[in-house]
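Notes to accompany the following structure.
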Amino acid sequence: MEGKEISQAVIGRLPRYFRYLGELRDEGVERISSQDLSGLMQVTASQIRQDFNNFGGFGQQGYGYNVDYLYKEIGKILGLDQHHHLIIIGAGNLGQALANYMNFEKRGFLMKGIFDVNPQLFGRKVRNLTVEPMEMVEQRIREREIDIAVLTIPKGSAVEIADKLVSYGVKAIWNFAHVDLDLPEGVQVENVHLSDSLMKLSYMISCYENQRG
């Protein structure tokens, strides 16, 4: 696998594989064929085999896939065998909702701080976190070895704050601000535009209604 470039489409399917395999493991399923996994995930068996072949295959002819082994191997590929320390920039409704989402911790993503510019929010408890002023961000990043920052702030300040976070040592940004970030090479960015998903849903509704009409 060393030196092989994996397509974004394949990478985008890995979390789904991980999620479905985790559910199968919890149900006590020990092995599964690509055909059965295809039926669950609505991905062709051929596509599943092609995806897994990018990483060595994992399966055995006539046996299929060992669910627990495949779950753990995909977790390693996704980097989930390590802990990641996160902070949230923006303690509004979205920031608080993300801080309260406990499933992150089960995947090794540990919330280590939440920050805002609004003095009225300072000191407020969000689960086990206390909202702190932005002036404390640099110190907390260095103290708590933060590698991921979550941006839930207006787009007007997102670019400036993202640049500062990178200078403080943040390695990746999960960006919910409505602007695409362009950061130095080596800094990973995942831009999440919630309205894009709604517009896609609207498109699918329109297509379905047009087909019926």
Here the residues within region 114-124 that are open to solvent by less than 70 Å² (accessible area, probe 1.4 Å) and in a helix (DSSP H, G or I) are 121
Scan region 128-169 residue by residue and report those that are β-branched (Val, Ile, Thr) and without any contact (Cβ under 8 Å) to a residue 40 or more places away in the chain. 130, 159, 166
Please find, within region 127-166, the residue that is farthest from residue 97 (Cα to Cα) out of those that are outside any helix (DSSP H, G or I) and hydrophobic (A, V, I, L, M, F, W, C). 146
Residue 138 being more than 24 Å from residue 11 (Cβ to Cβ), out of contact with any His (no Cβ under 8 Å at 6 or more places or on another chain) and of a type in the set (Asp, Glu): yes
Please give the helices (runs of 4 or more DSSP H) falling wholly within region 45-113 in which 2 or more residues are in contact with a Cys (Cβ under 9 Å, 6 or more places away or on another chain). none
For the list (1) at pLDDT 90 or above; (2) in contact with a helix residue (DSSP H, G or I) (Cβ under 9 Å, 6 or more places away or on another chain), I need the number of the one condition that residue 26 fails. (2)
Collect the residues in region 171-201 that are farther than 26 Å from residue 84 by Cα and open to solvent by 60 Å² or more (accessible area, probe 1.4 Å), keeping them in residue-number order. 196, 197, 198, 199, 200, 201
Which condition number in (1) in a loop (DSSP other than H, G, I, E, B); (2) within 22 Å of the chain's Cα centre (by Cα) is the one that residue 40 fails? (1)
Out of 22, 12, I need the residue that is loosely packed, with under 13 Cβ neighbours inside 10 Å, assigned to a helix (DSSP H, G or I) and either touching a Leu at 6+ places or on another chain (Cβ under 7 Å) or not β-branched (Val, Ile, Thr) (or both). Which one? 12
Can you list residue pairs whose Cβ atoms sit under 8 Å apart, with the first residue in region 194-206 being within 17 Å of residue 177 (Cα to Cα) and the second being surrounded by 10 or more Cβ atoms within 10 Å (Cβ to Cβ)? Count only pairs 6 or more apart in sequence or on different chains. 194/176; 195/178
Of the residues 43, 29, which single one is open to solvent by 40 Å² or more (accessible area, probe 1.4 Å), among the aliphatic types (A, V, I, L, M), out of contact with any Phe, Trp or Tyr (no Cβ under 8 Å at 6 or more places or on another chain) and in contact (Cβ under 8 Å) with a residue 12 or more places away in the chain? 29
If you go through region 59-101 one residue at a time, how many are under 14 Å from residue 153 (Cβ atoms) and without any contact (Cβ under 8 Å) to a residue 24 or more places away in the chain? 1
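The values are calculated or read from the model by the stated rules, or taken from the named source; none is laboratory data. Keep in mind that what you see is a predicted model, and the values were worked out from it rather than measured. Cβ atoms come from the backbone with ideal geometry, glycine included; neighbour counts cover every protein chain shown. In case anyone asks, the SASA skips ligands and DNA or RNA and just uses the protein heavy atoms, side chains included. Shrake-Rupley method; radii C 1.70, N 1.55, O 1.52, S 1.80 Å.
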